[in-house]
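Right, one structure below, let's go through it.
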Amino acid sequence: MKIDGITVVSPMYGDLNITNRMVMSVITQFISKKNPFKIHLVLVDDYLEKRGDNDESYYDYYLSDEFSKLYDTEKIKISIIKNEKHKYQGESREIGYMAGDYPYFVLLDCDDMLAPNCCDKYISILRSENNKEGSKPLSCIQGLLYGFDTNGYTQLVNGDSIWVQSRCYNRNFLVKNNIHFPTGTNSRCGEDYPFMRKLDYAINHDQNFNCVNINFDKHDQHCQCTAYWFPNDNSLSRRDPHYGQHLSGWTMQSSNSILDFFEEYNELNGFDDNEDEYLKQEFLNMNIYAFYNVLDFIKEVSSAGYIPIKEDWYALRDNVSKLRNRLKEKYWDEIVYTNVENMLFNVWNYSDAKKTESWIGTFFDWMNADKIDILEMDYDEMMKYAYSLIFDAAEHEIHSKQVQAWIKRHDISFDDVVKEAENYKKKKIELIRERFNGILNIQELDNELNIQELDNEENIENQ
């Protein structure tokens, strides 16, 4: 297949002072005379709030004669697609790459940037692989991504992560394997996860395509960053007070949809699930991640005064239950101790799972139990249970009515608990007192530690 160019797709939502950096990084891409190619930049306008009376796009400036003077219009083409209603990030990406002039494409968020020679590097690899005798088309090139924050770059993220910005994709491969982004509001955030896991599964199973990885090696000729990621604290998602925890339920729902895809893929292509070691590892990985998601959710309700949306708890509870039952029924009897220990290490060190120490037993206890009490709770029961717990965030330890030995062993003082109560807001001090009833008598504790009993909010504030 002749490689004439590459498509760059960016869903657009934000002011020009945000998006200009992204667009400039594309139109200033290095294109050499020895390795000429074309770029089609597809901007998918999801910023409906900024549409004009005649449906003018807020980003029409990028199509203006004035802006076209900034780049070579023979080598670079810019198109704008106007969504008629909000499609959000994931679905807008798919709209964009399906409309691109070239089957190989790069995904770029509107507040991020391509490295100066990103497209040249991808084109060089595509052409090199294409010229090999007996070559197969590429499903994907896994590039390198730098992450930035206010202190400068923070980390180099390899292309085999869930970051969609760090790869070059083949549209034909996605269509053949029925790989899509989520649609509707599910496309708003957390959309990378199901797309990338399905993609990686197809890459590992479709023998008609090859995949190239740009290795991180300073002596490697291909060792160059392909994209830069910048945090966008003003995004719709991050302004949502439930952003962190509503993703827990959505992520677990995505995990089940991913496993559905894996099983359907195997059935369609004649693969045996029981012989698929990759599938077994995915089941285990998702369940360990789910285990820590539940712990983190409960801990945040207990220790941060977080009031979750009911639907978020039920989405988390029901999908974690489903994941757990699927693993127990399909693979748990085959999984050995070292499988779990290795995956625990991977989840803790190579994912965004919170390192919350478990107060309900180990992951083995979680899987071997006939039932999990937490996963039987409705919303009100979960809230009551969470409020019966007190966490020491610094040590990731737990104090509860069920763990009297912990209180005595660590010689906890009511003074420490009062300080935590200030973070809960003052009105919760009585709840703190109730939690300690039955563990140690409050008056005895005060006398033992020689601290004055605190009866009102003013004293609490002074303390």
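The values are calculated or read from the model by the stated rules, or taken from the named source; none is laboratory data. Note that the coordinates shown come from a computational prediction; the quantities given were computed from them, not determined experimentally. With ideal geometry, Cβ positions are generated from the backbone for all residues, glycine too; neighbour counts draw on all protein chains shown.
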(message) Looking at the range 33-48, I want the residues that are under 23 Å from S92 (Cβ atoms) and free of Cβ contacts under 8 Å to residues at least 24 places away in the same chain and have a partner that is in a loop (DSSP other than H, G, I, E, B) and of a type in the set (K, R) with Cβ atoms under 8 Å, at least 6 apart or on another chain. Which pairs are those?
(response) none
(request) Go through the residues of the range 338-351 one by one and say whether even a single one is over 18 Å from E277 (Cβ atoms), touching a residue at least 12 places away in the same chain (Cβ under 8 Å) and not in a helix (DSSP H, G or I). (result) yes
(message) When the residues of the range 1-24 are narrowed to those that are more than 25 Å from the chain's Cα centre (by Cα) and not aliphatic (A, V, I, L, M), which ends up farthest from P231 (Cα to Cα)?
(response) K2
(request) Taking the residues in the range 308-353 that are in contact with a Phe, Trp or Tyr (Cβ under 6 Å, 6 or more places away or on another chain) and not hydrophobic (A, V, I, L, M, F, W, C) as candidates, determine which candidate is modelled with the lowest pLDDT. (result) K310
(message) Looking only at strands (runs of 3 or more DSSP E) that lie completely in the range 96-150, which have at least 2 residues being in the same structural domain as V26 (by TED's automatic domain parsing), farther than 25 Å from G14 by Cβ and out of contact with any His (no Cβ under 9 Å at 6 or more places or on another chain)?
(response) 138-142
(message) Condition first: part of a loop (DSSP other than H, G, I, E, B) and of a type in the set (G, A, S). Now tell me which residues in the range 12-60 satisfy that.
(response) G14, S32, G52, S57
(message) Filter the range 151-196 down to the residues that are outside any helix (DSSP H, G or I) and at pLDDT 85 or above and list them by number.
(response) R167, C168, Y169, N170, N177, N178, I179, H180, F181, P182, T183
(request) Check whether at least one residue in the range 358-372 is farther than 30 Å from Q281 by Cα and either not β-branched (V, I, T) or not in a strand (DSSP E or B) (or both), and report yes or no. (result) no
(message) What pairs come out if I take residues in the range 314-334 that are surrounded by fewer than 17 Cβ atoms within 10 Å (Cβ to Cβ) and pair them with residues that are modelled with pLDDT under 95 and among the basic types (K, R) whose C-beta lies under 9 Å away, six or more apart or interchain?
(response) K330/K280; E334/K280
(request) Kindly indicate whether K50 is assigned by TED's automatic domain parsing to the domain that holds P182, surrounded by fewer than 20 Cβ atoms within 10 Å (Cβ to Cβ), closer than 26 Å to V175 by Cα and among the charged types (D, E, K, R). (result) no
(request) Among the residues of the range 375-390, count how many are assigned to a helix (DSSP H, G or I), touching a helix residue (DSSP H, G or I) at 6+ places or on another chain (Cβ under 7 Å) and at pLDDT 95 or above. (result) 1
(request) Sort out which residues of the range 301-331 are closer than 18 Å to F291 by Cβ and touching a strand residue (DSSP E or B) at 6+ places or on another chain (Cβ under 8 Å), and write them in order of number. (result) S302
(request) Pairs only if they're at least six apart or on different chains, beta carbon under 8 angstrom, first in the range 270-286 and surrounded by 14 or more Cβ atoms within 10 Å (Cβ to Cβ), second of a type in the set (D, E); list them, first residue then second. (result) D273/E263; L279/E263; L279/D273; K280/E334
